[in-house]
1. Order 498-509, 116-127, 377-388 from most to least packed using the mean count of other Cβ atoms within 10 Å.
2. Within the set 475/518; 475/578; 426/566; 548/587, which residue pairs have Cα atoms separated by over 21 Å?
3. Which whole-Hz ³J(HN,Hα) couplings does the stretch 35-51 yield from phi under the Karplus relation 6.51 cos²θ - 1.76 cosθ + 1.60, θ = phi - 60°, glycine and proline marked x?
4. Using 0.36 nm times the number of residues separating residue 490 and residue 299, minus their current alpha carbon distance, what extension gain do you get?
5. Sum -39500 (n - 2.57) across every DSSP H segment of at least 4 residues in the chain, then divide by the residue count to get the 222 nm mean residue ellipticity, nearest 500.
6. If you fit an axis through the alpha-carbon atoms of helix 72-84 and take the longest principal axis of the Cα set of the chain, what angle between them do you get, 0 to 90°, nearest 10?
7. For a footprinting-style exposure proxy, rank 413, 47 by other Cβ within 10 Å, fewest first.
8. How many nm separate the modelled label positions at residue 446 and residue 254, each set 7 Å beyond the Cα in the direction of the Cβ?
Amino acid sequence: MKQFFKKLQSLQFKLVIIYMLLIIIGMQIIGLYFTNSLERDLVGNFKNSIESQVAIIDTRIKEINDDVGDNRAEMYDQIQTLLADYGNRPDIEEIRYINADNVLIGTSRISNESLVGSRINDKLSEDALNSGIVNDEIFVNVDKDNQRVWILNQPLIIDDEVVGVIYVESNIEGVYVQLESINNIFIIATFFSLVITSILGIFVARTITKPITDMRNQALLMSEGDYTSRVQIYSDDEIGQLAGSFNILSKRVQEAQANTESEKKRLDSVITHMSDGIIATDRKGRIRIVNDMAIGMMNLDISAEDLQGQDMLEILKLGEDLSLENIIQEANESHLIFRDTQEGVITLRVNFSAIVTDTGFINGYIAVLHDVTEQERINAERREFVANVSHELRTPLTSMRSYLEALQEGAWKDEEIAPKFLSVTKEETDRMSRLVEDLLQLSRMDNEAEEIQTEVVDFKLFINRIIDRFEMTHKDDVIFTRHIPDAPLFTDISVDKMGQVLDNVLSNAIKYQHGNPKRVDIHLKQNTLYNRMTVRIKDYGLGIPSNKVERIFERFYRVDKGRARKMGGTGLGLAITKEIVEAHNGKIWANSVENEGTTIFINLPCEVIEEDEWDV
Ligand code: ADP
């Protein structure tokens, strides 16, 4: 049913209805004009034929009048005879002659002959007698099957005097029957033309509505997001051009859609793979887009889907300090937030910005999260380093200054004290030079200005030579035990730098040991599987508290500040050592038990020489 009503509302149906209405109106106008003209003609012809007969009778009566003179009876007889002739004429029902006294003189109808001589009370005849003007009218004869009759009253004028009236009653029904049958033909023709035009109309309307229906279907598909189908072009008329334009439009929309899609994908992939965390919200600050990085940075256990619609400032835990209005007012300002993660506390810098449309309307907000933990750590380290350097330089400088002041104030004259004071001053100067030298070396390594020049050496020979040197200088107080394989062990190192590393570690092993004799064990082991070797230098000295072992490689870190300084250490030795080892792709670490001793491990790459290579 619904379908049917829908069909009634369709353009095709409306077009067919318009066709039919046009046909009906056209046929009506034609029909009206045609039947009117036809009726006028047919009725006119009919009347003319009757009138011509009346004219003959008129002439005949006038002749009778002339012939008989004043003999009225004779005249009436002749008129009656004349009229009786018209008794059987087709169309003519009755012809009467009524004299000036309104008395019936003669009639063509036999049944009315009895009325001859009596007065006639016919209004129209009277009017014609009185006025001398012809009148006529069509009546419906109730007695005779409702047939129409035409009554004509023509006055008979002799010598400008109305002497009587010729009354004619003619059956005009035949004319109307004829008209009716023509009308019927017309109605049937109209009906058939309506049927034919409506059938044709359906087809013609379809040729118009088909492309429009296609376009409508296409528009519906487009509204559902399908831009691939195209409308068929049936002709080169306006509708065809419209269909063509429609196809171009849908192609453009398809392209624009594809562009938007690819832009969106690109944006999504940029957002997903960004090293910064991104949170985008609607204008009420509810999260709409959030990338994995942001979730990871904030250490949240929630998926991106679950974050949808949540308040951004609440999630960032900035809700108490900040509102969306602040974001607009404090554009370009950043906020630091801290999050606990498995790797420790991380510092995030959050920058907010508002998405403002051309009209100034705020569409949403964007928060960019940047992990600045490393940067903050470097900043803190840098501050600490500067503080350490200042401190390290101030101590010898203060000490030197006090000795120099004492000398200035007269101690220089004292032959006993003066040399002591001067030697202390020299020691402090040496310490400062060492410190500056160490700092320079660290700075060079930091800037990577110093490229290490490497060469392939037999590490076994190299380490033995260094231990030999130490044995020479510590002949009496240190026992060096070597666990070094006999086979050569080739490695690509900077002899100078690696010498410095071993020097530093061996001297620390001796420096932080009180026993007599001191003992230092040196192990060298190759791990052929991984092309690596490990040097292990073990002492039996003071050791390092376990919680501080890790820190001995930090710059300026000393376990016991006073004692280390007394021993001439700058606190930079192991830091430089670590840098050098790492520059050789190596690793350095320590094991220590307080009061029992310390072991320093140095792991370095080495070259494995296959057996057959020796044969070459
Ligand atoms: P320093 O020049 O002061 O020796 P290092 O960087 O060489 O500086 O060493 C850092 C700190 O590590 C030392 O001050 C010391 O406290 C500790 N340390 C280094 N090696 C040993 C060791 N073999 N035994 C005990 N403590 C050590």
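Bear in mind that the values in this text are calculations on the coordinates, not laboratory data. From a predicted model like this one, the values you see are computed outputs, not experimental measurements. Cβ: placed from backbone, ideal geometry, glycine included. Neighbour counts: every protein chain shown.
1. Numbers: 498-509: 21.4, 116-127: 14.2, 377-388: 12.0.
In decreasing order of mean packing, 498-509, 116-127, 377-388 become 498-509, 116-127, 377-388.
2. In this structure, 475/578 lie more than 21 Å apart at Cα.
3. 5, 4, 5, 4, 4, 4, 5, 5, 4, x, 4, 4, 4, 4, 5, 5, 4
4. Details: separation 191, 0.36 × 191 = 68.76 nm, distance 4.70 nm.
Extra length from residue 490 to residue 299 when fully extended: 64.1 nm.
5. It lands at -17500 deg cm²/dmol.
6. 40
7. Values: 413 8, 47 17.
Fewest to most other Cβ atoms nearby, the residues stand as 413, 47.
8. 6.2
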